[in-house]
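Visitor: Quick one: structure below, then a few questions.
Each value in this text was obtained by applying a stated rule to the coordinates, not by laboratory testing. Just so it is clear, the structure is predicted and the values come from calculations on it, not from any experiment. Positions of Cβ are generated from backbone atoms using ideal geometry, with glycine treated the same way; all protein chains shown enter the neighbour counts.
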């Protein structure tokens, strides 16, 4: 069958979007469990400690998935993608069969392992197989699909049993797995492995043979042919590892990756998503289920609006706008809840809940996913084994630390203290991103890799380069 190149690209991206729909459900599913397990008619009952583990074990269980990028470098993107889908499906099987907390946590562990493996694999596959002018949009649609999954599981969890909600969310990833079996392999990976003939054939199958595509193919092949000639022997892998760690095009994007990933978790977004019922109860002295419904719906709508914003503004600008608004209203929520704790504002006032809703509006306009897409583009292909490892470990650590700590922060420094920490961290991270993160919109992977060596994007004639970033790079080169 003669499938057009663009259709092949969208087949790859569409498969990851289906998987993202389920992965989003995996992220928000603990919120459904916590909400339903507090009812008196459930077979599983939780205390504070068990509840915090339900919310955070997803991240801890994902730590072993740091090996997945290495597997991805040696076995290919397709193999790693299929394995990640299977792990998530196994998690849903355990969850559906659960009759006690231990079995449920085992299911959540598979969810964490598969979900954290799926994210970098999907992002790297899209960034390597989809042409630059569609790449950002496909990466964002991944986040949109994930946001939809998070919203859907939160909404249907109000009306159906948690096991039924799990079955519904398992269906998209089964279809994604079937499509994954007919994936082509990534041309970038084939070039990295020295399989240049296969790389050329697959690249033309995915991108076509127009002038722009052939130019990118030529750059890809030349880059990896040069690297293959310089590859060290197996006996010198320690020296190569040391060289990588001290390489500017590795440690700079690694640091920026950590900052970008942390925005989703430590700006307070993940805590609001998972513990929204507890937050509205503490902020208003009333259950107010409609607030949770609004938050779930807002999360998806805001992310959908982000896809429109990115057509007119760069990813970096959208992220900074989102972080600015979310920091203001998270700090506002901290002030209101503090005033409630000292009886200046009525404890049943809805003002704090309104601040959280507006916070979620700004958070969903970029902070909930754009940072991940930028982080994926920053790491050069030659470092994506170790770089992907850092990506996964950061995601897991930030996920677990943010969600495990929130219930205890509310106990020891009160909810307003937790909100204040989130708001201030967002401000600090925003300053670092503004000053140090390059704008990668519509840049090829080769252009991004060259950026770390010269301090600016060559084809942009330095116009779109942040002056502060460029000066720092040039200064480091002088040494």
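Visitor: When you count, for each residue, the other Cβ atoms within 10 Å and take the mean per peptide, how do 301-314, 55-68 rank with the highest first?
Guide: The peptides rank, most packed first, as 55-68, 301-314.
Visitor: Classify region 269-339: rounded, prolate or oblate, from the alpha-carbon gyration tensor (a ≥ b ≥ c, eigenvalue square roots; a/c under 1.5 rounded; otherwise prolate if a/b is larger than b/c)?
Guide: Oblate is the answer for region 269-339, as a/c is 1.5 or above yet b/c matches or exceeds a/b.
Visitor: Now for a different question. Going by average Cβ density within 10 Å per residue, which order do the peptides 202-212, 414-424, 70-80 take, highest to lowest?
Guide: So the peptides 202-212, 414-424, 70-80, ranked by packing, come out 414-424, 70-80, 202-212.
Visitor: Apply the a/c threshold of 1.5 to the C-alpha gyration tensor of region 1-184 and tell me whether it is rounded, prolate or oblate.
Guide: Judged from the Cα gyration tensor, region 1-184 comes out prolate (a/c at least 1.5, a/b above b/c).
Visitor: Which order do the peptides 271-280, 91-100 take when ranked by the mean count of other beta-carbon atoms within 10 Å per residue, highest first?
Guide: 271-280, 91-100
Visitor: Suppose a student asked you for the relative contact order of region 1-184, using Cα pairs under 8 Å spaced at least 6 residues apart; what percent would you report?
Guide: 41 percent.
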